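What follows is a single structure, written as structure tokens, with notes after it.
Every number here is computed from the coordinates shown, using simple stated rules; none is lab data. This structure is a prediction, so every number in the text was calculated from the model and none was measured. Reconstructed Cβ throughout: ideal geometry from the backbone, glycine too, with neighbour counts over all protein chains shown.
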Amino acid sequence: MELFETVAAEVPIRAGPVVIADYGASNVQDALRPIGAGIAVLRKRFRSDHVVMVVHADSPENDFTALFRTLDHHPDSYLRADDATFASAIGRSYYTQILPSNTITLGCTFSALQWPSRVLVPVPDHIHVAYSRDEAVRAAYAKQAAFDWHEFAAFRGRELVPGGRLVVVTPAIDEDGEFGYRPLLSSIWETLTELTADGLLSSGEADRMTIPTVGRRAGDFAAPFAPSGRFEQLTIEHLSVVNAPDRIWERFQADRDSAAFGAQWAAFGRSRLFAPLTAGLVGGREDPRRGQLLDRLQAGVAARLAAAPEPTRIPMAQLVLAKRTG
Ligand SMILES: C[S@@+](CC[C@H](N)C(=O)[O-])C[C@H]1O[C@@H](n2cnc3c(N)ncnc32)[C@H](O)[C@@H]1O
């Protein structure tokens, strides 16, 4: 939110609508407050009737109904706070150019760039590549992560106006090589192993189940900018990897409720991570065991984490890219 407010104070204001793009919007829940705060800062710099246009982009499969409902009903929605701000959406992958060149004043992406642009090979010895010992698989994911970041930055470089800024907040790998989410990912892996032993899943299905997300180190984000410091007219204004607060652990420290601790992490896992696992079922996402798999995974994860609550490291990269003026 602070990064967004800072860049909103610095971007150039031109005649015509100021366009803000949100890449990987989902239902926009987490981005509402930063975008609203950015608009409030912009408002102080121009007339109250100067139009702001917010474009939310996500893949075609995204639930855009949920997105527009959030924009209509959420108390933090910028549409409630500002009469001259308008919203729209694009259902296309951001690994291509999806907006006209030189039109975006302020771009942002929150917790989305961990999803690669294409389906990768399953991880054979875990559900997540970060905890795999298979060097070939690790290399394949790292190569894809590098390619995707290069493409994402290049297309945003075209879309930004000169002087425009892009704020990126995305899962990262920290200086110790840690991707984070270790207790949650381990408990998912252990529960899947148990469900295979119980006969709910065949070993072939369990082998295909992978959460295909990637993290990047600070150096990976900087790589396309080497050695000149410039890439597609962009420079890096800010790059840091920080440990995001673990709110579920903080609540546990206050209430010592281990069942609630496990349940909250399991609910987070179900809403954000379980869906790609179901693609490993023989019948894919239409498989009749899908509901049972989701329920048993959630219960297994909740029980495991409740049995031994511990804090989770959540390394997040924060970047601001700026497009050259003139
Ligand atoms: C964890 S959600 C992001 C949360 C959201 N930014 C918020 O503020 O609440 C990740 C989103 O990225 C989207 N996504 C993943 N790959 C994408 C792509 N190639 N193009 C567009 N959206 C993508 C997913 O569909 C998902 O909605």
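Listed residues Asp125, Asp174, Asp148; which is surrounded by fewer than 18 Cβ atoms within 10 Å (Cβ to Cβ) and either assigned to a loop (DSSP other than H, G, I, E, B) or within 12 Å of the ligand (Cβ to nearest atom) (or both)? Unique residue meeting the criteria: Asp125. Residue pairs whose Cβ atoms lie under 9 Å apart, sitting 6 or more positions apart in sequence or on different chains, and linking a residue in segment 112-135 that is free of Cβ contacts under 8 Å to residues at least 40 places away in the same chain and within 20 Å of Pro315 (Cβ to Cβ) to a partner that is within 16 Å of the ligand (Cβ to nearest atom) and of a type in the set (Phe, Trp, Tyr), are Ser132/Tyr141.
Going by the structure shown, is Gly36 closer than 25 Å to Ala322 by Cα, more than 11 Å from the ligand (Cβ to nearest atom) and of a type in the set (Gly, Ala, Ser)?
For Gly36, the condition - closer than 25 Å to Ala322 by Cα, more than 11 Å from the ligand (Cβ to nearest atom) and of a type in the set (Gly, Ala, Ser) - is met.
The residue of segment 85-98 that is farthest from Arg14 (Cα to Cα), among those that are over 20 Å from the mean Cα position of the chain (by Cα) and buried (at least 16 other Cβ atoms within 10 Å of the Cβ), is Ala87.
Note on segment 71-88: residues that are within 15 Å of the ligand (Cβ to nearest atom), in a loop (DSSP other than H, G, I, E, B) and closer than 19 Å to Leu42 by Cα total 2. Near the ligand (Cβ under 9 Å from one of its atoms), surrounded by fewer than 19 Cβ atoms within 10 Å (Cβ to Cβ) and of a type in the set (Asp, Glu): is that true of Asp22 in this structure? Here the answer is no, as Asp22 does not meet what is asked. Scanning segment 30-64 for residues being buried (at least 17 other Cβ atoms within 10 Å of the Cβ) and within 16 Å of the chain's Cα centre (by Cα) gives a total of 8. Each residue in segment 39-70 was checked for being more than 12 Å from the ligand (Cβ to nearest atom) and part of a helix (DSSP H, G or I), and 8 pass.
The set of residues in segment 89-122 that are outside any loop (DSSP other than H, G, I, E, B), under 22 Å from Pro171 (Cβ atoms) and near the ligand (Cβ under 9 Å from one of its atoms) comprises Cys108, Thr109, Phe110.
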